1. Have a look at 226, 20, 54 and tell me which one the Gaussian network model of the chain (Cα, springs below 10 Å) gives the largest fluctuation.
2. Taking neighbour Cβ counts within 10 Å as the exposure measure, how do 43, 212 sort from fewest upward?
3. Angle between the Cα long axis of helix 88-101 and the longest principal axis of the chain, 0 to 90 degrees, nearest 10?
4. Decide, for the range 126-238, between rounded, prolate and oblate: order the square roots of the alpha carbon gyration tensor eigenvalues as a ≥ b ≥ c, take rounded if a/c falls under 1.5, and otherwise choose prolate if a/b is larger than b/c, else oblate.
5. Do the sum for the chain: with -39,500 (n - 2.57) for every DSSP H run of n ≥ 4, divided by all residues, what is the mean residue ellipticity at 222 nm, to the nearest 500 deg cm²/dmol?
6. How high is the relative contact order of the chain, in percent, counting Cα pairs under 8 Å that sit 6 or more residues apart?
7. Find how many whole Å separate the alpha carbon centroid of the range 170-238 from the alpha carbon centroid of the range 54-120.
8. Could you work out Rg/(2.2 N^0.38 Å) for the range 2-236, with Rg from alpha carbons only?
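Rule-based calculations on the coordinates, nothing more; no lab input. As the structure is a prediction and not an experimental result, all values here were calculated from the model. As a convention, Cβ positions derive from the backbone with ideal geometry for all residues, glycine included, and neighbour counts pool all protein chains shown.
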């Protein structure tokens, strides 16, 4: 099913090229559109390369080549074998592998959500390979255990960092319902905080509609790819 939905997704991003390469014993998928002037687009959670479909077309029309991978453990990219050893360094190494495989000397790096950390880390570790960095949703913040201390305890970030809690919360529902709930929660203006006796998934009523920019067809595509990859790695990293 995942391959069928990949074709359906590609229909919405014309003149694309889908590529695979293996690195660190993992097979990676990425999608390219455009000719030159490379822009690497790093998705967040719970996203996939398809999350960048509109930006990819806009970049190609502006004369750039947009490259959007499924990060390791996401979509149609492979799963790491030892989740307990997952690290941020893996993600920066993966990005370097993409540039080297495509013979790209320098690129613009765009990151969203947790992709911002990879973009920032890569620019620090490999400044000679970066033309510029754009981060969306999360500003540059130096690593610090105290950076999460000010968040409400019922907010999704501290809740899902508790070992096993997100897995148990998600496990009550089908993948489609989990993704639907997350996208509804993440588009709300108010900070969504669960009570002590609530889980994050309980903050969305089943009858709540999707945001207008996220269609049922989009949800079906995301569902197919997350049914393929599961949530194990996404919940481990970050």
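1. Largest GNM mean-square fluctuation: 54.
2. By the 10 Å Cβ count, ascending: 212, 43.
3. Its long axis makes an angle of about 30 degrees.
4. Because a/c hits 1.5 or more and a/b fails to exceed b/c, the range 126-238 counts as oblate.
5. Theoretical 222 nm ellipticity from helices: -10500 deg cm²/dmol.
6. Dividing the mean separation by the residue count of the chain yields 20 percent.
7. 23
8. Cα-based Rg divided by the globular estimate yields 1.01.
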